[in-house]
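A short write-up of the structure that comes next.
The values are calculated or read from the model by the stated rules, or taken from the named source; none is laboratory data. Computed from a prediction, not measured in an experiment: that's the story for all the values here. Methodologically, a virtual Cβ is constructed for each residue, glycine included, from the backbone with ideal geometry; neighbour enumeration extends over all protein chains shown.
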Amino acid sequence: MVSWTGMVACYAENDHSKEALECFSEMRNVGFMPNNYTFVSVLKACVGLQEIGMGKSIHGCVLKSSYELDNYVSIALLNLYTDCGDIRGAQCVFEDIPRKDVISWSFMIARYAQSDQSEAAIGMFCQMRKALVVPNQFTFASLLQSCASLGCLSLGNQIHCFVLKLGLLSDVFVSNALMDVYSKCGIMENSVTLFVDAETKNEVTWNTMIVGYGQLGNGEASLTMFMNMLEQKVLPNEVTYSSALHACASLAALDPGTQIHSLTIKTKFDKDTIVGNALIDMYGKCGDIRHARLVFDMMRNRDEVSWNSMISAYSMHGLASEALRIFQWMQESEFKPNKLTFVGVLSACCNMGLLDEGQAYFTSMVRDYGIEPCMEHYTCMVWLLGRLGKLDKAMKLIADIPFHPSVMIWRALLGACVIHNDVELGRVAAERVLEMEPWDEAAYVLLSNMYAAAKRWGNVACVRKSMKKKGMKKEPGLSWIEVQGNTHLFTVGDTSHPEIRLINGMLQWLKVRITREGYVPNCCVVLLDIEDDEKERLLWLHSERVALAFALIRTPSGSPIRILKNLRICADCHAAIKIISKVVEREIVVRDINRFHHFQDGVCSCSDYW
DNA sequence: ATAGGGTTAG
């Protein structure tokens with residue numbers, strides 16, 4: 001009997017699952033009784049072959065055998081059930097274990113945590129404590145994972161104390177998991193403390209910090225962590241690279257992003273699907289749509305995220321036909337469009353004002369793909385209708401939304417009202433926004449702009465007053481560019497730059513040149529109660545123009561210029577930059593709060609619809 | 001005699 005068992009075990013251990021199963025059935029045919037070790041080995045082979053049915057029949061054998069459910073066999077069974085997604089089956093096996101030890105408890109907690117059943121994982125831990133079983137580092141690592149995904153700080157603190165009491169903080173898995181809890185709860189200070197005090201650090205330790213900062217929107221800190229990690233000679237893995245690229249994307253930092261891309265090529269991590277997806281996203285968000293597409297084309301193993309990222313990237317750049325071509329191609333591939341795919345597709349239509357197409361995709365999404373529209377889909381449709389001036393239809397759509405409209409929906413409607421000067425509806429939209437987010441300064445500013453456009457200066461003053469009462473200020477218009485690794489930031493009428501005299505000279509020259517090409521200042525965009533020549537002067541102080549002038553001085557001729565700004569680009573700057581792109585023969589990319597504009601040869605990729 | 005469990009990402 002021992003030799004039969006030894007054979008089954010040997011096969012199972014060495015990845016010969018098929019032979020293990022054959023050996024097991026032969027053993028039974030010749031009438032030998034399997035023991036615990038035989039069961040463990042053959043169950044392992046079943047999991048390896050995904051032979052769930054076989055596994056369950058062996059479970060039957062185990063129950064019939066004279067052995068009481070052994071802890072080793074029970075773990076093998078738990079593994080079998082959870083591996084085929086039958087966590088309830090596993091729970092039943094677990095309940096029948098006569099003497100549950102720390103390993104069986106920890107196993108169940110781990111599997112609940114991994115299958116997104118955080119509450120169940122925590123429930124198991126409570127039962128475990130009632131059963132007076134002492135948890136170990138494995139238990140805590142899993143428990144903390146659930147705690148992190150729930151973002152439950154009070155529980156995290158309790159577990160932290162417990163960990164300290166048991167002296168388990170020195171375990172790198174436990175301290176990593178605890179750091180993650182604090183970062184998911186938004187308390188990076190605590191994560192930093194743990195990070196600094198950690199006895200042992202591995203690449204996961206660093207990744208947890210990089211990801212933590214990234215998810216809290218602190219791209220700079222995330223990138224700094226990444227650079228420190230390189231300095232400390234800790235080897236990055238695919239998680240590191242994808243997260244660092246994500247930070248670059250959030251900062252629209254093309255240079256660091258490109259450098260990290262080279263690092264991934266050197267280390268071969270560029271072949272990783274998730275890193276590839278992060279590269280598409282990074283290039284897209286940094287304004288380099290051609291490289292985004294290049295990465296997409298070179299990818300060996302795309303997943304749905306790759307397709308979605310490419311569609312969204314094109315959409316962000318106003319290249320609706322490219323976005324829709326990728327969507328078409330996706331449908332011909334093995335991947336099925338999901339919710340996020342349609343967010344990309346609809347926003348592509350939205351960015352180009354393709355009303356019929358947008359409506360058709362919206363209908364098809366529900367009818368052909370069975371996807372229930374979510375808030376993002378409705379936001380696209382409201383903006384699509386509203387932007388085209390169909391404000392009543394947009395309003396009707398909002399009324400038809402089966403759930404409570406989010407602040408994004410009202411913001412979209414408000415934006416459309418501003419463009420079409422619908423003061424009354426705009427006021428309603430602004431009120432809704434401010435009900436939900438009383439500190440939304442953009443809503444106040446848009447409302448005030450609308451009143452100003454209608455020359456209702458009394459209302460303007462009123463809005464300004466209520467802002468002042470709350471101690472809120474208008475978000476200043478900012479533009480920035482990256483030149484040789486340095487970021488240069490400009491505000492409206494900025495005179496603080498050391499090279500301001502050169503910049504002003506360049507602006508003067510540009511003004512003369514584009515006036516000769518037919519530029520006429522559009523003073524309507526200056527919403528102040530002042531004279532036209534003063535308005536004209538103010539237009540030339542807009543931050544994007546100052547940034548552009550600086551870029552023309554400080555970047556090599558012929559290279560593309562990338563400008564980032566925090567607000568929507570104004571109509572006059574748009575007109576001016578179009579002509580400038582022709583005069584200076586440069587490609588000028590401007591990313592405003594919503595999207596990218598590619599100016600070249602006197603035209604913009606947005607076809608003047610934005 | 002011998003066999004079992006864990007963290008990070010789009």
Subset of the range A:462-491 (residues that are among the aliphatic types (A, V, I, L, M) and closer than 24 Å to A:Glu220 by Cβ)
A:Leu478, A:Ile481, A:Val483, A:Leu489
Residues of the range A:130-165 being under 27 Å from A:Pro98 (Cα atoms) and without any contact (Cβ under 8 Å) to a residue 12 or more places away in the chain, in sequence order, are A:Lys130, A:Leu132
Count, please, the residues in the range A:178-195 that happen to be within 15 Å of DNA strand B (Cβ to nearest atom) and either in the same structural domain as A:Phe226 (by TED's automatic domain parsing) or buried (at least 17 other Cβ atoms within 10 Å of the Cβ) (or both).
12
In the set A:Asn136, A:Asn157, the lone residue that is near DNA strand B (Cβ under 10 Å from one of its atoms) and not small (Gly, Ala, Ser) is A:Asn136
Considering every residue within the range A:67-76, establish whether at least one is farther than 15 Å from A:Thr38 by Cβ, loosely packed, with under 15 Cβ neighbours inside 10 Å and more than 11 Å from DNA strand B (Cβ to nearest atom).
yes
Selection count where residues are free of Cβ contacts under 8 Å to residues at least 12 places away in the same chain and of a type outside the set (A, V, I, L, M, F, W, C), scope the range A:460-483:
4
Pairing a residue in the range A:199-225 that is touching a residue at least 24 places away in the same chain (Cβ under 8 Å) with any residue that is part of a loop (DSSP other than H, G, I, E, B) and more than 8 Å from DNA strand B (Cβ to nearest atom), where Cβ atoms lie under 7 Å and the two sit 6 or more apart in sequence or on different chains, gives A:Glu199/A:Ser170; A:Glu203/A:Val234; A:Glu203/A:Leu235; A:Glu203/A:Pro236; A:Thr205/A:Ala198; A:Trp206/A:Val234; A:Leu216/A:Gly186
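Could you identify the single residue in A:Ile577, A:Ile569, A:Ile593 that is assigned to a helix (DSSP H, G or I) and either among the aliphatic types (A, V, I, L, M) or closer than 18 Å to A:Ala442 by Cα (or both)?
A:Ile577
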For A:Cys46, state whether it is away from DNA strand B (no atom under 13 Å from the Cβ), under 47 Å from the mean Cα position of the chain (by Cα) and buried (at least 19 other Cβ atoms within 10 Å of the Cβ).
yes
Positions within the range A:164-177 being farther than 10 Å from A:Thr208 by Cα and either away from DNA strand B (no atom under 12 Å from the Cβ) or not β-branched (Val, Ile, Thr) (or both), in sequence order
A:Leu164, A:Lys165, A:Leu166, A:Gly167, A:Leu168, A:Leu169, A:Ser170, A:Asp171, A:Phe173, A:Ser175
Go through the range A:228-255 and give me each residue that's free of Cβ contacts under 8 Å to residues at least 40 places away in the same chain and away from DNA strand B (no atom under 14 Å from the Cβ).
A:Asn228, A:Leu230, A:Glu231, A:Gln232, A:Lys233, A:Leu251
